[in-house]
Amino acid sequence: NRRKKKDDSILENPSIPNPFPELCCSPFASVLSASLLPKATSRKKQVIKVYSEDDTSRALEVPSDITARDVCQLLILKNHYVDDHSWTLFEQLTHTGLGRAIEDHELVMEVQSNWVMEEETKLYFRKNYAKYEFFKNPLSFFPDHMISFPSETSAALSHSGILQMFLSSSTYPEIHGYLHAKEQGKKSWKKMYFLLRRSGLYFSTKGTSKEPRHLQFFCEFSNSDMYMSLTGKKTSGAPTNYGFCFKPNKSGGTRDLKQLCADDEQSRTCWMTAIRLLKYGMQLYQNYMQPYQGRSGCSPLNITPMRSISENSLVAMDFSGHRSRIIENPTEALSVAVEEGLAWRRRGVLRLNSHGSPIAMSNMGMSIHRSQSWFHHKISREEAQRLILQHGLVDGVFLVRDSQSNPKTFVLSLSHGLKIKHFQIVPLEDDGKLFYTLDDGHTRFTDLIQLVEFYQLNKGVLPCKLKHYCARIAL
């Protein structure tokens, strides 16, 4: 009876109002909608392994719907790299010697789902300066002798006119020319006349005839990916080193590859660029424009070459007076930069000598370059060409390396006009001092750093300025 009276008194007491009713989960009227709550099971996490140029690797736990661009952004943030919109995720098939740059919008897990068990496949994180270069300078990617326009279109198209035709859904320029094709099930290659149209890739059974009865279908691209041959003649016995192929998704192996090779790098670049535009169309343009959204003059009908972030935001400054000032005159900026570089080197030598080191300025210049990212110690000519090709055959991509033929000299390897050229850097001794030169002593530099900095600002005897250096990044 006593317990019953106590319970009745509790029930009679007025209830205390809840100060946070929105946090209550009423079975009748829930304030928080289920659609607004985070779904823990909607995005499954998976682990991927990404390699760098020096073969170091990093494991990342990422959602199943992550794109290649998002993976690059994640690695940029984790490693504190500068995002200049040239970072790329690269897929490499080791055994077959094939590789391709994964498009920014592609899902990484879908790419990995196409890998076969017996094939050793890796993902690489590297720079590719040529990824969207054709949007900036399409005329150099599509030579006149390889491209034909519809009869109603004027042959002399403007910069933006060519791109609009490639991105249009109604018209598409025809790419044509000779390619070497590997015969199915055989080791032999046959040179044939090919045509690229919106419906696919065709070859002519009778010379250069474009009549429908002479055209035979070769490949379509919706269910296959295009790869570049990295090993050239070694793996497939191709007649040239400019090979590429089409690999069907989830194929059984090398027997399903449709292999082609061009006679030169310009032809291969033209074919591969046109096929990329045919397969992805406006998606490629959106990938290219995404880092520049919000800027003026970026509409699809007004395509203009973009400068890099560094070119838009960096200026030459003078801090010698009480107040800093912007140096407007390029000649003055160059002389200030050279003078500052020499002063920095003199201070470095004095610091070394003050600690009892007998290093002279000439000896310091002999080894100071080894700490630079653009210097590659004792690599071969073929390895230098492979590195530049991986970074993209854009004008100004370069590296400096030791010469193999002459151990006392160095070599500047430079990309220009879709070709890789090599220039010898010769050391000269004058009045007990050591200098380096590219032009037989007409222009002299105390060390390689000064030489590279000069040709980054001046073309001089080179075909173009030094713009992008090849570096072995580490994760």
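The values are calculated or read from the model by the stated rules, or taken from the named source; none is laboratory data. All of these numbers come straight from a predicted model, not from anything done at the bench. We place every Cβ from the backbone using ideal geometry, glycine too, and count neighbours over all the protein chains shown. Side chains included, ligands, DNA and RNA excluded: accessible areas come from the protein's heavy atoms. Shrake-Rupley method; radii C 1.70, N 1.55, O 1.52, S 1.80 Å.
Electrostatic bookkeeping for HIS376 treats Lys and Arg as +1 and Asp and Glu as -1; over the other residues with beta carbon under 14 Å from its beta carbon, the sum is +1.
For the residues SER415, SER170, a 1.4 Å probe over the protein chains yields an accessible-area ranking, largest first, of SER170, SER415.
The Cβ shell under 12 Å around LYS408 holds other residues with a net charge of -2, Lys and Arg each +1, Asp and Glu each -1. In region 45-127, if every C-alpha pair distance is counted and binned at 5 Å from zero, what percent goes to each bin? Histogram of Cα-Cα distances, whole percents per bin: 3, 14, 28, 29, 18, 7, 2, 0. Of the whole protein surface, SER86 contributes about 10 Å² of accessible area at a 1.4 Å probe radius. A cut-off of 5 Å between modelled amide H atoms, ignoring neighbours fewer than 5 places along the same chain, links HIS468 with VAL397, PHE398. Here's how it looks for ILE473: its modeled amide H is under 5 Å from those of GLU53, ASP54, which are all 5 or more places away or on a different chain. Amide H contacts for TYR81 (H built 1.01 Å from N in the peptide plane; partners 5 or more residues away or on another chain; cut-off under 5 Å): none found. Quick one: pull the percent of accessible area on region 45-127 belonging to carbon and sulfur, 1.4 Å probe, ligands and nucleic acids left out. In region 45-127, the share of accessible area belonging to carbon and sulfur is 50 percent.
Protein heavy-atom accessible surface, 1.4 Å probe, per residue over region 133-293: 48 Å².
Across region 114-126, computed HN-Hα scalar couplings (Karplus, 6.51 cos²θ - 1.76 cosθ + 1.60, θ = phi - 60°) run 8, 6, 9, 5, 7, 9, 7, 10, 10, 9, 10, 10, 8 Hz from first to last residue, x flagging Gly and Pro.
Shape summary of region 133-293, radius of gyration then Dmax from alpha carbon positions: 16.1, 50 Å. Taking the protein heavy atoms of region 371-469 in the context of the full set of protein chains, the accessible area attributed to carbon and sulfur is 47 percent at 1.4 Å. Taking Lys and Arg as +1 and Asp and Glu as -1, the other residues whose beta-carbon sits under 11 Å from that of VAL116 total -2.
Which translational diffusion coefficient, to the nearest whole µm²/s, is obtained for region 166-222 from the Stokes-Einstein equation, given a Kirkwood hydrodynamic radius over C-alpha pairs, 25 °C and 0.890 mPa s? So the translational diffusion coefficient is about 199 µm²/s.
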